[in-house]
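Asks: Questions regarding the structure given below will be posed in turn.
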Amino acid sequence: MANDEKARELAQIAEEVRACTACILHRGRTQAVPGEGPADAEIMFIGEAPGFHEDQQGRPFVGAAGRFLEELLESIGLKREDVYITNIIKCRPPANRDPLPDEIEACSPFLERQLEVIQPKLVVTLGRFSMARFFPKARISQIHGQAKRVGGVVCLPMYHPAAALHQPSLRRVVEEDFRRIPEVLAKVDQIGEYEPPPEAEQLRLF
Ligand code: URA
């Protein structure tokens, strides 16, 4: 798809997100937050859900977690304008509670279409809700920082920057995982398929 066609498609998706009433979250929103970034972005970041500031401004990652994300991007020579940034759900949950399964499901066609249009070389998931789209049964503590190919997409799962802001011990982990991005991008064709751990292992992990 040519770049201007991709940009048109993304604008169309954004318009649909802003008009969406598919789950209860539309009732409490100030603004929906479709996502932003270049249509030909190589990297797509997927967070959890808009918070207070995102809901006010209609843009993803513009609060404290967003400032940290910008610092992390800067540490690898990137600006937020270089990457596509979105969330697993596009409207703010009340009091920033976790997204519910039916809200994630109702919102998922938008994310799937964004992935389809952008076809990023690398998806970076921030936090366990977006991780679960690619690695449904995994634990973030086991797989963060390890890029794997899942269903044709190369995905690098990371802790959420907000978690790192609240837990100083995670900050270094997030910074180190972030530093892997350039090398993963450079060798993206060599990234292996994800092999889910055997069922027994998964149960033990929980
Ligand atoms: N946290 C997220 O997961 N997404 C945002 O857009 C802001 C904070």
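The values are calculated or read from the model by the stated rules, or taken from the named source; none is laboratory data. On a predicted model such as this, the values are computed, not experimentally measured, just so you know. Note that we place each Cβ from the backbone using ideal geometry, even for glycine, and neighbour counts take in every protein chain shown.
Quick grid of which residues meet (1) closer than 25 Å to residue 112 by Cβ; (2) surrounded by fewer than 20 Cβ atoms within 10 Å (Cβ to Cβ):
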{"site": "137", "(1), (2)": "yes, yes"}
{"site": "144", "(1), (2)": "yes, no"}
{"site": "149", "(1), (2)": "yes, yes"}
{"site": "153", "(1), (2)": "yes, yes"}
{"site": "157", "(1), (2)": "yes, no"}
{"site": "165", "(1), (2)": "no, yes"}
{"site": "168", "(1), (2)": "no, yes"}
{"site": "181", "(1), (2)": "yes, no"}
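Asks: A follow-up question, please. Could you check how many residues of segment 31-84 are touching a residue at least 60 places away in the same chain (Cβ under 8 Å), more than 25 Å from residue 113 (Cα to Cα), touching a Lys or Arg at 6+ places or on another chain (Cβ under 8 Å) and within 16 Å of the ligand (Cβ to nearest atom)?
Replies: 0
Asks: Sticking with this structure for a sec: Please tell me if residue 67 is basic (Lys, Arg), surrounded by 21 or more Cβ atoms within 10 Å (Cβ to Cβ), farther than 17 Å from residue 44 by Cβ and at pLDDT 95 or above.
Replies: No.
Asks: If I filter segment 31-54 down to residues being assigned to a strand (DSSP E or B) and aliphatic (A, V, I, L, M), which single residue comes out as farthest from residue 181 (Cα to Cα)?
Replies: Among them, the one singled out is 46.
Asks: Related question: Do we have any residue at all in segment 9-30 that's loosely packed, with under 13 Cβ neighbours inside 10 Å, part of a loop (DSSP other than H, G, I, E, B) and modelled with pLDDT of 95 or more?
Replies: Yes, segment 9-30 contains at least one residue that is loosely packed, with under 13 Cβ neighbours inside 10 Å, part of a loop (DSSP other than H, G, I, E, B) and modelled with pLDDT of 95 or more.
Asks: Could you check how many residues of segment 161-190 are touching a residue at least 40 places away in the same chain (Cβ under 8 Å) and within 16 Å of the ligand (Cβ to nearest atom)?
Replies: Total satisfying the criteria: 6.
Asks: Do you know which residues across segment 55-73 are assigned to a helix (DSSP H, G or I) and more than 19 Å from residue 20 (Cβ to Cβ)?
Replies: Result: 64, 65, 66, 67, 68, 69, 70, 71, 72, 73.
Asks: Being assigned to a helix (DSSP H, G or I) and of a type in the set (Asp, Glu) is the filter here, so list the residues in segment 179-200 that pass it.
Replies: Those that are assigned to a helix (DSSP H, G or I) and of a type in the set (Asp, Glu): 183, 189, 199.
Asks: Also, I was wondering about something else. Go through segment 74-105 and report how many residues are under 14 Å from the mean Cα position of the chain (by Cα) and either at positive phi or in a helix (DSSP H, G or I) (or both).
Replies: 2
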